[in-house]
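Have a look at the structure below before the remarks.
The values are calculated or read from the model by the stated rules, or taken from the named source; none is laboratory data. Quantities reported herein were computed from a predicted structural model and do not represent experimental measurements. Here the Cβ is made from the backbone with ideal geometry for all residues, glycine too, and neighbour counts use every protein chain on show. Only protein heavy atoms, including side chains, enter the accessible area calculation; ligands, DNA and RNA are left aside. Shrake-Rupley method; radii C 1.70, N 1.55, O 1.52, S 1.80 Å.
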Amino acid sequence: MKKRTLASRVEGIAPFQVMAVLARAKVLQALGEDVIHLEVGEPDFVAPKAVADAGVQAIKEGKTGYTSATGLSELKSTISRYYASRYQVDVAPERIIVTPGASGALLLMASLMVDQGDEVIMPDPCYPCNRHFLIQAGAKAKLIETQAERAFEIDLNRLSDDWTANTSGLWLASPSNPTGAVLNKSYLAEAWQRVEALGGHLLVDEIYQGLVFEGDDFTVLSISDEIFVINSFSKYFAMTGWRLGWIVVPEWAIEGATKLAQNLFISAPSVSQYAALRAFEPDVLAECEARRQQLDRRRVTLLAGLAKIGLPVVAPAQGAFYIYVDVSSVTDDAMAWCLELLEEEKVALTPGADFGIKNANKYVRFAYTCDELRLQDALERIKRFIVSNKRLVV
Ligand SMILES: Cc1ncc(COP(=O)(O)O)c(C=O)c1O
């Protein structure tokens, strides 16, 4: 009898390394240990109350059926108005397709933009699911090594050298997960100019839009209507579990994206869409802004504290809620270091291996998802861990 197996593409999809950290952290917690969680990309905020209330109201009113595949037209118009008022960019509502989170958006984009055997260029490190969504579509990611000293940016002068006949495009994210780096407008304008000249697509993941602490908070849509953009309610609006995001596509891609949205998802969650209508009201936006300021204070605390304990951060962490820290002065195996740190001092971090290949063993990601007192506590514990293990290289 033929042995039953899973599809070979599953082999190419790596599990999250951080799951081993998270699983152990949960065991330690169950044993009564006080674990400081800085590993998962989800701050200690819940969805704004007004948004949650709007969701409850939608349930009470029975607004729980499918919506149109590309999203509620009121929501698309609201997002379009938000682009106009906050970013002074004109985005026709028809170009917006509401998706089940940015994850649904990435799946749709991969299906929309790549053919079997294609390659997509992206920086190493970057969000790991990008490459897995490409595998799902029969394509693959070509990771380009970046350096902290160059703000983890791909060197655009070398883009044409890395480009082959199979390259479909360039995928970037700003602010970035895991580095927190923000790409500036001139970098993105040059990226688009080069990608366009090479006949490829440019996709920019703007899921951390709004969470910018240094530099300009803008959208790449201000550069060209031909750029594909991903966004989500997960981060700025703290709605991770509501599973709601959106994409913006050029005019000529609307029909293709709509067909895929119909077939892949039928529609994004309706209750979440009705709730999200409330997210763009001034009171909710003010709440999100206050949270942004809170995150900025955490960032400053963490950056200063890391420098003090001998782990200075070279690359600017200007956005999102992540700092990507070089720990090569204290270990040559970041994953093992994360597990030992958790065991000895009960601080949970994400190893670089989840995000990249080249220098992954040298890096860990801090997600500043808890308040400043907890962050200070985490820094104390990490310092004690480094000193007690005499790992500090001077
Ligand atoms: C860069 C990036 N893109 C996409 C996602 C997926 O987000 P969601 O599906 O919650 O909208 C994440 C989640 O952390 C992310 O960091």
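Among residues of region 171-183 that are more than 17 Å from Q147 (Cβ to Cβ), those with a beta-carbon under 7 Å from a residue that is at pLDDT below 95 and assigned to a loop (DSSP other than H, G, I, E, B) at least six positions away or on a different chain give the pairs N177/G41.
Just wondering, is there one or more residues in region 250-265 that are open to solvent by less than 30 Å² (accessible area, probe 1.4 Å), within 30 Å of E190 (Cα to Cα) and either within 16 Å of the ligand (Cβ to nearest atom) or assigned to a loop (DSSP other than H, G, I, E, B) (or both)? Yes, there is a match, as at least one residue in region 250-265 is open to solvent by less than 30 Å² (accessible area, probe 1.4 Å), within 30 Å of E190 (Cα to Cα) and either within 16 Å of the ligand (Cβ to nearest atom) or assigned to a loop (DSSP other than H, G, I, E, B) (or both).
Against the condition of a type in the set (V, I, T) and either in the same structural domain as S234 (by TED's automatic domain parsing) or in contact with a Pro (Cβ under 9 Å, 6 or more places away or on another chain) (or both), how does T369 come out, does it pass?
Judged against the criteria, T369 is a match.
Just give me the residues in region 346-372 being within 23 Å of L31 (Cβ to Cβ) and surrounded by fewer than 21 Cβ atoms within 10 Å (Cβ to Cβ), in sequence order. Matches in region 346-372: K346, C370. Of all the residues that make up region 65-82, how many are farther than 18 Å from E251 by Cβ and open to solvent by less than 10 Å² (accessible area, probe 1.4 Å)? Qualifying residue count for the region: 1. For I230, the conditions (1) more than 12 Å from the ligand (Cβ to nearest atom); (2) under 17 Å from T78 (Cα atoms); (3) touching a residue at least 12 places away in the same chain (Cβ under 8 Å) all hold with the exception of (1). Residues considered: S103, S85, S111. Of these, the only one that is within 12 Å of the ligand (Cβ to nearest atom), hydroxyl-bearing (S, T, Y) and surrounded by fewer than 24 Cβ atoms within 10 Å (Cβ to Cβ) is S103.
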